[in-house]
1. Of the residues 92, 36, 14, which exhibits the maximal mean-square fluctuation in a Gaussian network model of the chain defined by a 10 Å Cα contact cut-off?
2. Choose one answer from 54, 77, 25: the residue with the largest mean-square fluctuation in a GNM of the chain with alpha-carbon springs under 10 Å.
3. Out of all DSSP beta bridges in the range 8-117, what portion is antiparallel? Express it as a percent rounded to 5.
4. Using only DSSP helix segments of four residues or longer, with each worth -39500 (n - 2.57), what per-residue ellipticity at 222 nm results for the chain after dividing by its residue count and rounding to 500?
5. Among 105, 69, 45, determine the one that fluctuates most according to a GNM of the chain built with springs between C-alpha atoms less than 10 Å apart.
6. Would you calculate the separation in nanometres between label points at residue 89 and residue 22, each defined as 7 Å from the Cα along the Cα-to-beta-carbon direction?
7. Out of every Cα-Cα pair in the range 26-109, what percent are more than 17 Å apart?
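Every number in this text was worked out from the coordinates using simple rules, so none of it is lab data. Being a predicted model, the structure only gives us computed values, none of them experimental. Using ideal geometry, Cβ is built from the backbone for each residue, glycine included, and neighbour counts are taken over all protein chains shown.
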């Protein structure tokens, strides 16, 4: 049995969300949905098989969430993300307390994405 988890992250501003997820993280905006003009946005962004749903709907989720994303090549991803100009976030690679290496980015809505490279055992 296979599972695919898609985290839903709360957002409050479409332009800021796109600047962060598309501009800074390099994710594609796959689709956008509103029930009608002037209603909250619900959209999907992705990069490879990493998929997030971003929602302006107040009941969907809580701002300030944290998502852990395991990656096979942390240095490559870090180089890719940190090469993009984004004045609100300057991540650094850290030694994780659990033995691996990681870096965290925080979106404009206080959601955190922790990119983690597992320690080889």
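1. Checking each option, the largest mean-square fluctuation is seen for 36.
2. 77
3. On the way: 19 of 27 bridges.
Here the antiparallel bridges make up roughly 70 percent for the range 8-117.
4. -3000 deg cm²/dmol
5. With Cα springs under 10 Å in the chain, the top fluctuation among 105, 69, 45 is at 69.
6. A separation of 1.6 nm, rounded to one decimal place.
7. 59 percent
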